[in-house]
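So the structure is just underneath, and the comments pick up after that.
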Amino acid sequence: MSTILYRSVEEATVLETVIEKSRFIAHVMPISDFEEGKAFVARIKAEYKDATHNVPAVIFGEKMEWKWASDDGEPQGTAGMPVLNAAASRGITNVAIVVTRYFGGVKLGTGGLTRAYGGIAKDALDQAGICDVKQSITVEVEVGYPYLSSIQNFCNQGVFKIEDIVYTDVVTLKISTDYDKDNELCSFLQELTSGSEKILRKESGKIKIRC
């Protein structure tokens with residue numbers, strides 16, 4: 001089994017709830033670098049500039065080398081750190097989170113704020129899909145049309161994923177999988193086509209596997 005590089009989220013998501021008349025909106029975004037996370041925070045703050053608070057948290061790096069959070073006007077320690085810890089406590093990195101609050105007139109107290117911000121951040125992360133990120137490989141291969149359905153059935157088992165199909169006089173497929181499954185994939189293609197397949201290129205990258 002290939003080594004897990006880090007844990008992150010599968011996709012962007014938005015989650016909204018009302019707690020004691022205050023409206024909370026959590027935005028979660030997987031990021032490829034720290035600056036992308038800061039830019040995401042700036043975009044959400046601009047979009048919700050009429051909100052009472054926009055509480056951000058950004059974590060990046062396979063070992064969480066970069067962490068940043070802000071209470072954005074809430075009492076110190078009641079907002080930014082609970083949002084950050086919702087991810088960090090579960091080993092989630094390469095993610096940006098912004099929890100927006102529209103104050104509804106009822107004060108939550110320090111404990112209530114901590115639970116509210118941390119709770120919606122945790123729920124939003126779950127909704128975004130916690131996943132393990134592993135080293136992957138994408139194989140681009142040409143095969144004849146008679147072999148296409150067998151390859152699709154093989155990939156439908158879930159270990160291999162067809163990223164793209166191009167139909168010309170032959171079928172060109174891009175198939176991604178865990179890095180250590182490269183030999184298994186190539187052996188399958190060779191046996192299926194009796195060696196008539198044509199490997200065009202192989203590219204390494206990363207693949208997300210939902211936990």
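Counting 0.36 nm for each residue step from Asp33 to Arg210 and taking away their Cα separation leaves a gain of 61.6 nm. Each part reduced to its alpha carbon centroid, region 1-42 and region 47-97 end up 9 Å apart. Restricting the calculation to alpha carbons of region 93-192 gives Rg and Dmax of 22.8, 69 angstrom. Which of Val143, Gln190, Asn156 sits closest to the plus end of the dipole of region 140-211, meaning its Cα is farthest towards the positive end, when Lys and Arg get +1 and Asp and Glu get -1 on the C-beta? Positive-end residue among those listed: Asn156.
Only Lys, Arg, Asp and Glu count, each charged at its Cβ (+1, +1, -1, -1), so figure out the dipole size of the chain about its Cα centre, rounded to 20 debye. Before the final figure, lay out the partial values.
On the way: 24 positive and 29 negative charges, 170 e Å.
Computed about the Cα centre, the dipole is about 820 debye.
Each principal axis of the Cα atoms in region 6-139 has its own extent, and those three values, largest first, are 56, 27, 23 angstrom. Rolling a 1.4 Å probe over the protein heavy atoms gives region 78-211 an accessible area of 48 Å² per residue.
With the cut-off at 1.5 for a/c, could you classify region 1-59 from its C-alpha gyration tensor as rounded, prolate or oblate? Since a/c reaches 1.5 but b/c is at least a/b, the shape of region 1-59 is classed as oblate.
Basic side chains Lys and Arg get +1 at the Cβ, acidic Asp and Glu get -1 at the Cβ, and with that the dipole of region 110-203 about its Cα centre reaches some 340 debye.
Per-residue Karplus couplings for region 80-89, computed as 6.51 cos²θ - 1.76 cosθ + 1.60 with θ equal to phi - 60°, are listed in order as x, 5, x, 5, 4, 5, 4, 8, 4, 5 Hz, Gly and Pro entered as x.
Length gained on full extension, Arg90 to Ala46, computed as 0.36 nm times the residue gap minus the Cα-Cα distance: 12.9 nm.
The calculated FRET efficiency for Arg23 paired with Thr110, based on their beta-carbon distance and R0 = 22 Å, is about 0.65.
Taking the Cα centre of region 1-103 as origin, work out the dipole magnitude from +1 charges on Lys and Arg Cβ and -1 charges on Asp and Glu Cβ, in debye rounded to 20. Present the calculation step by step, with values, prior to reporting the outcome.
Numbers: 11 positive and 14 negative charges, 34 e Å.
Dipole of region 1-103, to the nearest 20 debye: 160 debye.
The label point for Glu16 and the one for Glu62, both projected 7 Å from the Cα toward the Cβ, are 4.0 nm apart. Annotation: amide H of Val9 within the under-5 Å range of Cys131, sequence separation 5 or more or interchain, hydrogens built in the peptide plane.
Ignoring ligands, DNA and RNA, please state the percent of accessible area on region 77-160 from carbon and sulfur, probe 1.4 Å.
Details: 1560 of 3110 Å².
Roughly 50 percent of what the probe reaches on region 77-160 is carbon or sulfur.
Taken along the Cα-to-beta-carbon direction at a fixed 7 Å, the label points for Ile165 and Glu184 span 2.2 nm. Annotation: amide H of Thr100 within the under-5 Å range of Ile25, Ala26, His27, Val55, sequence separation 5 or more or interchain, hydrogens built in the peptide plane.
Along the axis of the charge dipole computed for the chain (Cβ charges of +1 for Lys and Arg, -1 for Asp and Glu, origin at the Cα centre), the listed residues Ile4, Ala87, Gly129 are led at the positive end by Ala87.
Rounded to the nearest 0.05, what FRET efficiency do Leu192 and Gln135 give with R0 = 22 Å and r taken as the Cβ-Cβ distance? Could you check? Efficiency for this residue pair is about 0.30. I'd like the accessible area for Ser89: 1.4 Å probe, protein heavy atoms, all chains in place, Å² to the nearest 10. Number for this one is 90 Å². For region 15-81, the residue among Leu15, Met29, Met64 whose Cα projects farthest onto the positive side of the dipole built from Cβ charges is Leu15. Evaluating 6.51 cos²θ - 1.76 cosθ + 1.60 at θ = phi - 60° for every residue in region 192-203, the Karplus couplings come out as 4, 9, 6, x, 8, 5, 10, 6, 8, 6, 10, 10 Hz, glycine and proline recorded as x.
The values are calculated or read from the model by the stated rules, or taken from the named source; none is laboratory data. Everything quoted here is computed from the prediction, not taken from an experiment. Note that we place each Cβ from the backbone using ideal geometry, even for glycine, and neighbour counts take in every protein chain shown. Protein only, heavy atoms only, side chains kept; ligands, DNA and RNA dropped before computing areas. Shrake-Rupley method; radii C 1.70, N 1.55, O 1.52, S 1.80 Å.
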